[in-house]
Amino acid sequence: MTRQTPLRAIRGMHDLLPDDSARWQQLEDRARALLERYGYTEMRTPLVEQSELFKRSIGEVTDIVEKEMYSFEDRGGDQLSLRPEGTASCVRAAIEHSLLDQPRRIWYRGPMFRRERPQRGRYRQFHQIGVEVFGLTGPDIDLEVILLTRRLWEALGLTDLRLELNSLGDSAERAAYRQQLVAYLRQHEAQLDDDSRRRLETNPLRVLDSKNPDLAEIIAQAPSLIDALGSDSRAHFEALCAGLERAGLAYEINPRLVRGLDYYNRTVFEWITDALGAQGTVCAGGRYDGLVEQLGGRATPAVGFALGLERLLELSETEPPPSIDAYLIAVGEQANAAAMPIAEQIRDALPELRLLCHCGGGSFKSQFKRADRSGAKVALVLGDDELAQQRIGIKPLRAPASDDPTNTGPAKSEQSKTEQTSVALDALADRLPDFL
Ligand code: ATP
Ligand code: MG
């Protein structure tokens with residue numbers, strides 16, 4: 001048979017390779033542990049939903065729905081889309097399964113799909129972790145979700161993120177502001193770009209979100225949404241700001257922060273870094289008190305956020321530990337035959353140990369080479385002689401991480417790095433931890 005041309009992954013969609021998975025798992029584990037500490041429980045929803053769900057929630061005239069969704073008709077004629085974000089599905093599921101009879105703190109994670117132009121920090125399949133809280137109306141819960149994100153940055157060792165905040169008011173306040181904004185933008189219509197002129201008709205608040213530097217001046221002079229807030233929205237926003245101050249969390253009010261999805265009201269926020277170029281928002285969220293009702297549920301206040309894992313990973317520099325601890329080498333006919341059962345015994349005795357058992361035979365030299373490359377801290381060495389005496393060798397493969405970096409004297413570790421110690425097989429479980 002002639003060799004076929006290999007196929008490639010779809011543009012903007014990436015394989016998570018074995019060498020990279022430890023970093024992803026570390027991030028996911030830390031986020032999960034933290035969310036559990038705050039009393040959030042995970043929900044998983046399908047990757048595919050009716051297209052209608054996203055049209056009704058995100059909004060027909062948003063970038064996502066107009067041009068970024070992966071939509072298709074399935075064989076039964078249903079109009080379906082790969083989910084571009086997680087909130088709509090969470091709300092749909094919460095209504096469908098009657099979860100809204102009491103306050104709920106939910107989190108989710110997984111891939112999202114948007115057909116954007118791939119570039120650094122922007123992909124067509126990307127991953128989010130998100131939080132949705134239902135049934136709580138006050139600024140205290142807005143504060144909680146923001147404090148939770150701050151703690152997450154701490155857990156990930158991220159220090160250069162800044163918090164931007166705005167309030168979009170309620171829908172009546174926004175409608176009034178919209179008129180003011182449209183009147184203002186019409187005065188400058190000649191200077192607007194095509195995109196903004198189109199949005200002026202369909203979704204004028206999004207003009208504030210334009211990334212075109214030529215519009216920066218016009219946008220900076222535009223009337224401010226915060227000035228258009230009524231007393232309740234203003235009190236909510238001020239209470240949140242006061243809470244942030246009490247918690248010692250610095251923020252910046254950005255009156256141009258409007259978010260790209262239609263469903264937000266009152267509080268909106270973003271965590272932004274300057275270290276990722278144009279794709280600087282790593283986490284975005286806010287309140288969406290009208291969405292549950294809009295999707296057919298009983299009116300229920302809600303607040304949430306989503307963070308982009310690819311962008312967070314690009315920022316964080318933590319090195320995850322090597323993925324295995326020990327590598328079992330066996331040379332000789334009997335030793336080879338005994339290796340796998342002995343490995344099982346070791347795993348029984350040391351449930352935490354990550355042990356890789358060599359397969360495929362070969363000389364000591366070639367097996368040691370594999371052991372070394374595996375990243376394991378020690379090789380466990382089994383030859384026919386050892387086996388006959390029910391013993392096994394422990395050979396450190398790398399200097400153990402020194403507890404005391406100032407100790408530069410003739411290293412004991414240098415010696416133990418090269419020496420092989422023979423121990424009785426039934427003492428291995430006791431002795432091995434000293435070498436790890
Ligand atoms: P942006 O302004 O960068 O397009 P957005 O407002 O569309 O972001 P949201 O829908 O609020 O983003 O998603 C929340 C987070 O998910 C973003 O802050 C970002 O970290 C991440 N994210 C969104 N779109 C992508 C993408 N195409 N590739 C990678 N990460 C993304
Ligand atoms: Mg976007």
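Of the two radii for segment 225-267, the radius of gyration is 0.98 times the Kirkwood radius, both from the alpha carbons; that is the Rg over Rh value. Only protein heavy atoms count here; under a 1.4 Å probe, GLU201 has an accessible surface of about 110 Å². Put simply, the C-alpha atoms of segment 135-282 give a gyration tensor, and the ellipsoid matching it has half-axes of 28, 20, 11 Å, longest first. Kirkwood radius for the chain, taken over all pairs of different Cα atoms as the inverse mean of 1/r, rounds to 25.7 Å. For the chain, carbon and sulfur atoms together expose 48% of the accessible surface, with a 1.4 angstrom probe and every protein chain in place.
Near PRO321, once Lys and Arg are set to +1 and Asp and Glu to -1 for all other residues with Cβ below 13 Å from its Cβ, the sum equals 0. Work through the residues other than ILE141 whose Cβ is under 14 Å from its Cβ and net out their charges, Lys, Arg +1 and Asp, Glu -1. With Lys, Arg at +1 and Asp, Glu at -1, the neighbours total -1. Distance between the C-alpha centres of segment 356-394 and segment 32-54: 45 Å, rounded to the whole angstrom.
What does the net charge come to around ARG246 if you take all other residues with beta carbon closer than 15 Å to its beta carbon, with K and R at +1 and D and E at -1? So the environment of ARG246 carries a net charge of -4. Think of a 1.4 Å ball rolled over the protein heavy atoms: segment 1-151 then has 57 Å² of accessible area per residue.
The values are calculated or read from the model by the stated rules, or taken from the named source; none is laboratory data. Note that the coordinates shown come from a computational prediction; the quantities given were computed from them, not determined experimentally. Note that each Cβ is placed from the backbone with ideal geometry, even for glycine, and that neighbours are counted across all protein chains shown. Accessible surface is based on the protein model in full, side chains and every heavy atom, while ligands, DNA and RNA are left aside. Shrake-Rupley method; radii C 1.70, N 1.55, O 1.52, S 1.80 Å.
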